[in-house]
1. Select from the range 207-258 the residues that are in contact with a helix residue (DSSP H, G or I) (Cβ under 8 Å, 6 or more places away or on another chain) and away from ligand 3 (no atom under 16 Å from the Cβ) and list them in ascending order.
2. Within the range 165-181, count every residue that is touching a strand residue (DSSP E or B) at 6+ places or on another chain (Cβ under 7 Å) and either at pLDDT below 95 or within 16 Å of ligand 4 (Cβ to nearest atom) (or both).
3. Looking at (1) buried (at least 17 other Cβ atoms within 10 Å of the Cβ); (2) within 12 Å of residue 239 (Cα to Cα), which is the only condition residue 250 fails?
4. I need every pair where a residue in the range 122-143 that is free of Cβ contacts under 8 Å to residues at least 40 places away in the same chain and under 19 Å from residue 70 (Cα atoms) has its Cβ under 7 Å from the Cβ of a residue that is in a strand (DSSP E or B) and within 16 Å of ligand 1 (Cβ to nearest atom), sequence separation at least 6 or different chains.
5. Could you look through the range 190-228, keep only residues that are in a loop (DSSP other than H, G, I, E, B) and surrounded by 21 or more Cβ atoms within 10 Å (Cβ to Cβ), and pick out the one that is farthest from ligand 1 (Cβ to nearest atom)?
6. Tell me which residues, restricted to the range 112-145, are surrounded by 20 or more Cβ atoms within 10 Å (Cβ to Cβ) and within 16 Å of ligand 2 (Cβ to nearest atom).
7. In the range 232-247, which residue that is touching a residue at least 24 places away in the same chain (Cβ under 8 Å) and more than 19 Å from the chain's Cα centre (by Cα) is surrounded by the most Cβ atoms within 10 Å (Cβ to Cβ)?
8. Do we find a residue being surrounded by 22 or more Cβ atoms within 10 Å (Cβ to Cβ) and more than 30 Å from residue 260 (Cα to Cα) anywhere in the range 83-90?
Ligand SMILES: [Ca+2]
Ligand SMILES: [Ca+2]
Ligand SMILES: [Ca+2]
Ligand SMILES: [Ca+2]
């Protein structure tokens, strides 16, 4: 074998190659280059059929300060195992917006159904979620623990104090929503200017509660304690990924009950300037048994938890899932 000689030492060629390999793998620039060659994004919004355009009801920023978007809520509204998209919108407001802004009079919220092939179909009107409120915050919440994810939304503008009622849209399980808020609490009949909203089980009793901030003249926060969902069963999951709880964000959970499957995303934020309960909440209705939970961790690992207990919160750590197959 050919060798390289330095002073009195003879260095084999394979050792030179070895040193070069170590240098290359430890060089941060080479790592950056490798990462850049693997990770990239392509804007496919149009091809995916998402034609959402946020409006604040006007062409200029002179009248209404709240001209920022209101976030995106991702949840499976029709229980077909495919996560769908819900986006709130602003709107034209008579007497406040410029008259030119009247073209934005019929801009409602948008619900996009995931077709499962990389495209979405807008179903806002048929689903009954295209209200014309000035939407600011939305949360997917199974408020009655029946297994169908419902929608809470906070509405209203601030600068001119246009107050609007918050909504609690109950999902009938077939993809249609109806506002049931006023039947459940006077708060839903009160016009406010809601801003940030979070859904979480603050008293750990298994049903989801709601907190909303407001920027109307009262400027108070409202905490809505849920007192009616405990007749149905439920399960809550606190997921901890291999690098801590944050590394489990984005994990997908498929819950199988008999021949039914439901999908949940471990997402802590679905709304405007707020953070939801970091636990995945699963309403079970009258089901007393879950056949299995499949967890698709963010790094691609899949683990299965068979026959988990219900009506409690479980902490699940990646790599330590009971009954893993
Ligand atoms: Ca779906
Ligand atoms: Ca529900
Ligand atoms: Ca609760
Ligand atoms: Ca309760």
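1. 239, 240, 241
2. 1
3. Condition (1) is where residue 250 drops out.
4. Every condition considered, the pairs that remain are 124/110; 124/111.
5. 193
6. Within the range 112-145, 127, 129, 138, 139, 140, 141, 142, 143, 144, 145 qualify.
7. 234
8. So far as the range 83-90 goes, yes, one or more of its residues are surrounded by 22 or more Cβ atoms within 10 Å (Cβ to Cβ) and more than 30 Å from residue 260 (Cα to Cα).
The values are calculated or read from the model by the stated rules, or taken from the named source; none is laboratory data. What you are looking at is a predicted structure, and each value in this text was computed from that prediction instead of being measured. As a convention, Cβ positions derive from the backbone with ideal geometry for all residues, glycine included, and neighbour counts pool all protein chains shown.
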